[in-house]
Amino acid sequence: MLARVYSGALHGVDAFRVDVEVDLAKGLPNFATVGLAEGAVRESRVRAEAALKNSGLEFPQRRITVNLAPADVRKGGSAFDLPIALGLVSFSEPLDEKLLGSTLVVGELGLDGEVRRVPGAMSMAVMARQEGLNAMVCPNECAPEASVVGGVKVLPAGSFQEVVAHFTGRKLLDPVCVSPREALAKAPGYTVDFSDVKGQQHVKRALEVAAAGGHNLLMLGPPGSGKTMLARRLSSILPPLSFEEAIETTKVYSIMGLTPAGSALIGVRPFRAPHHTVSNAGLVGGGTIPRPGEVSLAHNGVLFLDELPEFRRNVLEVLRQPLEDSTVTIARAQMSVTFPAKVMLVAAMNPCPCGYLTDPGHVCLCSLQTIHRYRSRVSGPLLDRIDIQVEVPAVPYRDLMHTTPGESSATIRKRVVAAREIQQKRFGELEGVRSNAQMPAAVVQRLCRLSTECQVLLGRAVKRLGFSARAIERIIKVGRTIADLSAEADLLPHHIAEAIQYRNLDRGTGH
């Protein structure tokens, strides 16, 4: 006797179909799970047995074999509880074979038969649509994010009894439908605003340029100068998430089980600020079955690294490839997984170990050697990948006591959005390029031609400050963004001059 239920498993941020085959044979009672099942999958037997008994259903006292096909791919998680239990109950309940053969089933079971949330519901729904399945049965909490995909009827269930009643035809589950536009409109807004920031006009300008072009940013300044406060407000001036970006971001949060309960989409750009004790795997992802790290959780948003030199050097170095390629590839002996990592890196650091090198109100006692050793914790290749480096001085007392609110995030965001629209028109259908910071070298040469005056100015700066080839390219990209904020078609010398000013760490310690 054989029963087959369609389910799914995760591979990176995507899902693939798994055929859950349940076979009953004569012999002493036994339960075997095959198909490279991890620990949580093997434990499904215990949860399924308790759920069936506590739901008033019969658990077969036979020799049971559960095969998860394809059998040569590792499978983890608890999402197979529901399809395994459904396969077992099919031998005692008259399930509708046609309905069962057109439905994807995922869900964890409680011992009382409750259907509990599982990660990756959005990816499962995308896979079900690609596989030509008509419906997807999933836990109540997962239904909103699954239904926003479209093309598949999403049927939420709260208990195993409801699922059995649906497939026997006694009481069909009611589908849920969430409009993507409504889901984005209902997304919570930002709780912070640039109007709270006192002074620091030149830093606000640098943040606006960074947001307009999607550039990486480093802030250098003494303790208490507002570096963290400014960084936390950067997301509020970035352009709103498009539907495609919201889907990309939500898929990452979905496979980690971090989508807010009842929410269909991550509607605001993420802001992630890992502690400096984070490991390699915590930052870029890893594990036996690879999972996303902080850089992927910040996809389409901001990754903020406070106290940059305090991060272990090997941890910082693993960021170099994601910053260049906007993806993270994790290779294991049996699999290779790629996660998205299109982020704006924002970092903050003190100018010296004591923090007061550039603060006129305090005396810095750090030697040049100590300062050099402190700053060298951040490698030159990583600094090369940071387009804008800006000094954040201590805020004067008169600015702190100023009661008039500063420019709001909404006002700044309008200028940023206008600049991004210019960039989108320029790039047209160029795949994978949404902002100036993402331009490949060939596109920079074609779309960012420098006049003779700009070339002379940049040449003098290179001769004096020793910029690398990558730094020169990034100066041109930042200059292009500054021109876009002014809605100017051509790169002018003052655009390049401002971009050069944003290479603060290329000018030495300043002691």
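The values are calculated or read from the model by the stated rules, or taken from the named source; none is laboratory data. Source: prediction; values computed, not measured. Methodologically, a virtual Cβ is constructed for each residue, glycine included, from the backbone with ideal geometry; neighbour enumeration extends over all protein chains shown. Calculation scope for accessible area: heavy atoms of the full protein, side chains included, ligands and nucleic acids excluded. Shrake-Rupley method; radii C 1.70, N 1.55, O 1.52, S 1.80 Å.
Quick notes
- Scanning segment 238-247 for residues that are of a type outside the set (Gly, Ala, Ser), open to solvent by 40 Å² or more (accessible area, probe 1.4 Å) and out of contact with any helix residue (DSSP H, G or I) (no Cβ under 7 Å at 6 or more places or on another chain) yields Pro240, Glu244.
- Screening Ala499 on (1) part of a helix (DSSP H, G or I); (2) surrounded by 18 or more Cβ atoms within 10 Å (Cβ to Cβ); (3) touching a residue at least 40 places away in the same chain (Cβ under 8 Å) shows it passes everything except condition (3).
- All positions within segment 106-143 that are within 15 Å of Ala48 (Cα to Cα) and among the β-branched types (Val, Ile, Thr): Val106, Val115
- So Leu308, is it in contact with a Lys or Arg (Cβ under 9 Å, 6 or more places away or on another chain), within 30 Å of Val392 (Cβ to Cβ), modelled with pLDDT of 95 or more and not small (Gly, Ala, Ser): yes
- Among residues of segment 163-175, those that are open to solvent by less than 40 Å² (accessible area, probe 1.4 Å) and of a type in the set (Gly, Ala, Ser), counted: 1
- Val478 being among the β-branched types (Val, Ile, Thr) and surrounded by fewer than 21 Cβ atoms within 10 Å (Cβ to Cβ): no
- Where a residue in segment 40-68 is part of a loop (DSSP other than H, G, I, E, B) and its partner, wherever it lies, is polar (S, T, N, Q), with Cβ under 6 Å and at least six apart: Ser55/Gln161; Glu58/Ser92
- Complete set of residues in segment 120-138 that are touching a residue at least 60 places away in the same chain (Cβ under 8 Å), crowded, with 22+ Cβ neighbours inside 10 Å and either among the acidic types (Asp, Glu) or under 13 Å from Ser78 (Cα atoms) (or both): Gly120, Ala121
- Output for segment 257-287, where each listed residue is open to solvent by less than 20 Å² (accessible area, probe 1.4 Å), modelled with pLDDT of 90 or more and among the small types (Gly, Ala, Ser): Gly285
- Filtered by the rule that a residue be in a helix (DSSP H, G or I), more than 34 Å from the chain's Cα centre (by Cα) and not hydrophobic (A, V, I, L, M, F, W, C), segment 461-496 gives Lys463, Arg464, Pro493, His494.
- Here Pro405 does not qualify as open to solvent by 50 Å² or more (accessible area, probe 1.4 Å), in a loop (DSSP other than H, G, I, E, B) and touching a Phe, Trp or Tyr at 6+ places or on another chain (Cβ under 8 Å).
- Evaluated against (1) at pLDDT below 90; (2) of a type in the set (A, V, I, L, M, F, W, C); (3) surrounded by 16 or more Cβ atoms within 10 Å (Cβ to Cβ); (4) farther than 20 Å from Ala210 by Cβ, Leu383 falls short on exactly one condition, (4).
- Test: residue in segment 389-401 that is of a type in the set (D, E, K, R) and more than 22 Å from Leu218 (Cβ to Cβ): yes
- Every residue from segment 328-358 that is open to solvent by less than 20 Å² (accessible area, probe 1.4 Å) and assigned to a loop (DSSP other than H, G, I, E, B): Ala341, Asn350, Pro351, Cys352, Gly355
- Residue count for segment 386-399, restricted to those that are open to solvent by 50 Å² or more (accessible area, probe 1.4 Å) and in a strand (DSSP E or B): 1
- Entry remark, segment 359-375: residues being at pLDDT 90 or above and open to solvent by less than 50 Å² (accessible area, probe 1.4 Å) number 6 in total.
- In segment 176-237, counting only helices (runs of 4 or more DSSP H) that sit wholly within it, the ones holding 1 or more residues that are within 30 Å of Lys153 (Cα to Cα), modelled with pLDDT under 90 and open to solvent by less than 60 Å² (accessible area, probe 1.4 Å) span 180-185.
- Residue that is farthest from Leu155 (Cα to Cα) [pool: residues in segment 71-113 that are in a loop (DSSP other than H, G, I, E, B) and hydroxyl-bearing (Ser, Thr, Tyr)]: Ser92
- If you filter segment 452-468 down to residues that are at pLDDT below 90 and of a type in the set (Gly, Ala, Ser), you find that the one that is surrounded by the most Cβ atoms within 10 Å (Cβ to Cβ) is Ser468.
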